[in-house]
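S.K.: So that we are looking at the same thing, I have put the structure below in structure tokens.
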Amino acid sequence: MKIAIFTDTYYPDINGVAKTLKRLTNYFEEKSIAYKIFAPSSYSNEYHSPNIHLLKSRSFFLYPECRLAFPNLFDIKSELQTFSPDIIHVATPFNVGLCGVYFAKKLNIPLVGSYHTNFNHYLHYYDLNFLSKIHWKYMHWFHRSCRKLFVPSTETFRLLKQNGFSNIEVWPRGVDCQLYHPHYDKNSVQKLHSTPEKYLLTYVGRLAPEKDIKTLLAVAKSIPAELKEKLHWLIVGDGPLRKELQAQSESNMTFTGYLVGKHLAKVYSASDLLVFPSPTETFGNVVLESLASGTPVIGANSGGVKDIINSGVTGILCKPGQVREFRDAIVQLLTNAELREQMGIAGREYALKQGWDQIFEDLNWQYKSVIEEQNGQKYA
């Protein structure tokens, strides 16, 4: 089986889509499955394998760390015909994804898609609610040729079902429990980031409006003074709001920028809590990574996050945007070490059951069923 994936973001970009696709292609290589990635050229000079066809791109002005591709259709067609894929998978609904849809139709190659981002929820945070109907019309048009549309959570499944989508399949996410675990040295993280306080609270993700970072800042300011002096915040990530947030932040906040690999895993492990107010997640990879690290999560009761957190068992779910609820949850867990420890153990146990191999084997089976269905129709 040969698989062509069209995506507007890929490694070394730091986001959920890029990380998931990189993990998927690692699986392809382990299983000797032939694949070809079509993605924008990166800001990085890092070596890319011959399995990746890079397209000319420029930094997108609204999100400088994102790339806007300028595909050469003749080059893509030539590359596709040489590779001769059995199936095309479109992962994003932008320039590169549009190329995937176009060539699937033109070359009569079965098409599947994956839905990673609730762009409709983003509109609220950019005062663009009036575009909601246009957004859904476009998403329907873009995905109408897909034999399967993969979504990362049951909550996203329900959302798309309510909006008239069909052929939806849940393709969940896993976590690397060998990388993310509770046994790193907490003192080394405290020394590295100069956080000698008793408690360490962490946020991991983009610093952008749709993550509701302003609620996070308000929560930090609302912590009672006697507890606030005992804790430190690590804000892990970057994005358009970073400068504004740093200017308004508390003195006990450190902005680290993006962290990856073992450095990020150590921060999760050393943290007492992950606080994640984003209400727009289709899944919430950082939530599962934190649970794998034995760190409870206080998150928004919205989107894919509420599929991961068992409130009261592995963390606490709060109503989105409700500063008091988030503050009270933080106070409750920081002042109850036994409950926090129990939640950490339960979170780790849950994460250990979320392995990638079975998830990718199931996706592989879905690919094969779509290919067989198309072949059956061809020879019927």
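S.K.: Do we have any residue at all in region 125-137 that's surrounded by 18 or more Cβ atoms within 10 Å (Cβ to Cβ), in contact (Cβ under 8 Å) with a residue 60 or more places away in the chain, part of a loop (DSSP other than H, G, I, E, B) and more than 19 Å from the chain's Cα centre (by Cα)?
M.R.: No - not one qualifying residue is present in region 125-137.
S.K.: Right, another one. What is the one condition in (1) farther than 19 Å from Gln162 by Cα; (2) modelled with pLDDT of 95 or more that His143 does not satisfy?
M.R.: (1)
S.K.: Something else about it: Write out, first by first residue and then by second, each pair whose Cβ atoms fall under 6 Å of each other, whose residues are 6+ apart or on separate chains, and whose first residue, in region 266-289, is among the charged types (D, E, K, R) while the second is assigned to a loop (DSSP other than H, G, I, E, B).
M.R.: Lys266/Tyr184; Glu281/Gly303; Glu281/Gly304; Glu289/Val175; Glu289/Tyr180
Yes/no matrix, rows are residues, columns are (1) out of contact with any Lys or Arg (no Cβ under 7 Å at 6 or more places or on another chain); (2) of a type outside the set (A, V, I, L, M):
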residue	(1), (2)
Ile109	yes, no
His116	yes, yes
Lys133	yes, yes
Lys148	yes, yes
Asn167	no, yes
Gly174	yes, yes
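S.K.: Still on this structure, I have one more. For region 349-376, which residues satisfy the criterion of being of a type outside the set (S, T, N, Q), open to solvent by 50 Å² or more (accessible area, probe 1.4 Å) and either assigned to a helix (DSSP H, G or I) or in contact with a His (Cβ under 7 Å, 6 or more places away or on another chain) (or both)?
M.R.: If the condition is that a residue be of a type outside the set (S, T, N, Q), open to solvent by 50 Å² or more (accessible area, probe 1.4 Å) and either assigned to a helix (DSSP H, G or I) or in contact with a His (Cβ under 7 Å, 6 or more places away or on another chain) (or both), then Glu349, Tyr350, Asp357, Glu361, Asp362, Trp365, Lys368, Glu372, Glu373 are the ones that fit.
S.K.: If you don't mind, there's one more thing I want to ask. Yes or no: region 99-112 includes at least one residue that is aromatic (Phe, Trp, Tyr) and under 22 Å from the mean Cα position of the chain (by Cα).
M.R.: No, because not a single residue in region 99-112 is aromatic (Phe, Trp, Tyr) and under 22 Å from the mean Cα position of the chain (by Cα).
S.K.: Would you check if Thr295 is open to solvent by 10 Å² or more (accessible area, probe 1.4 Å) and either touching a strand residue (DSSP E or B) at 6+ places or on another chain (Cβ under 8 Å) or farther than 28 Å from Trp356 by Cα (or both)?
M.R.: Values: open to solvent by 10 Å² or more (accessible area, probe 1.4 Å): no; either touching a strand residue (DSSP E or B) at 6+ places or on another chain (Cβ under 8 Å) or farther than 28 Å from Trp356 by Cα (or both): yes.
Spelling it out, it is not the case that Thr295 is open to solvent by 10 Å² or more (accessible area, probe 1.4 Å) and either touching a strand residue (DSSP E or B) at 6+ places or on another chain (Cβ under 8 Å) or farther than 28 Å from Trp356 by Cα (or both).
S.K.: Something else now. Of everything in region 164-213 that's without any contact (Cβ under 8 Å) to a residue 60 or more places away in the chain, of a type outside the set (A, V, I, L, M, F, W, C) and closer than 22 Å to Leu245 by Cα, which residue is least open to solvent (accessible area, probe 1.4 Å)?
M.R.: Residue satisfying both the conditions and the ranking: Thr195.
S.K.: Listed residues Asp307, Asp328; which is in a helix (DSSP H, G or I), touching a residue at least 40 places away in the same chain (Cβ under 8 Å) and open to solvent by 30 Å² or more (accessible area, probe 1.4 Å)? Let's see the steps before the verdict.
M.R.: Details: Asp328 fails: touching a residue at least 40 places away in the same chain (Cβ under 8 Å).
Selected residue: Asp307, the only one of Asp307, Asp328 that is in a helix (DSSP H, G or I), touching a residue at least 40 places away in the same chain (Cβ under 8 Å) and open to solvent by 30 Å² or more (accessible area, probe 1.4 Å).
S.K.: Still on this structure, please answer the following. Counting only residues that are open to solvent by 20 Å² or more (accessible area, probe 1.4 Å), out of contact with any Gly (no Cβ under 8 Å at 6 or more places or on another chain) and not aliphatic (A, V, I, L, M), how many does region 105-116 have?
M.R.: 3
S.K.: Could you say whether any residue in region 86-98 is out of contact with any helix residue (DSSP H, G or I) (no Cβ under 6 Å at 6 or more places or on another chain), among the aromatic types (Phe, Trp, Tyr) and at pLDDT 95 or above?
M.R.: No, region 86-98 contains no residue that is out of contact with any helix residue (DSSP H, G or I) (no Cβ under 6 Å at 6 or more places or on another chain), among the aromatic types (Phe, Trp, Tyr) and at pLDDT 95 or above.
S.K.: Can you tell me which residues in region 217-254 are within 24 Å of Asp13 (Cα to Cα) and in contact (Cβ under 8 Å) with a residue 24 or more places away in the chain?
M.R.: Filtering region 217-254 for residues within 24 Å of Asp13 (Cα to Cα) gives 234-246, 254.
Leu234, Ile235, Val236, Gly237, Asp238, Gly239, Pro240, Leu241, Arg242, Leu245, Thr254, listed by residue number.
S.K.: Provide a single number: the residues in region 79-115 that are within 28 Å of Phe283 (Cβ to Cβ) and assigned to a loop (DSSP other than H, G, I, E, B).
M.R.: 9
The values are calculated or read from the model by the stated rules, or taken from the named source; none is laboratory data. Predicted, not measured: the structure shown is a model, and the values here were computed from it. Backbone-built Cβ (ideal geometry, glycine too); neighbour counts: all protein chains shown. These accessible areas exclude ligands, DNA and RNA; they are computed on the full protein's heavy atoms, side chains included. Shrake-Rupley method; radii C 1.70, N 1.55, O 1.52, S 1.80 Å.
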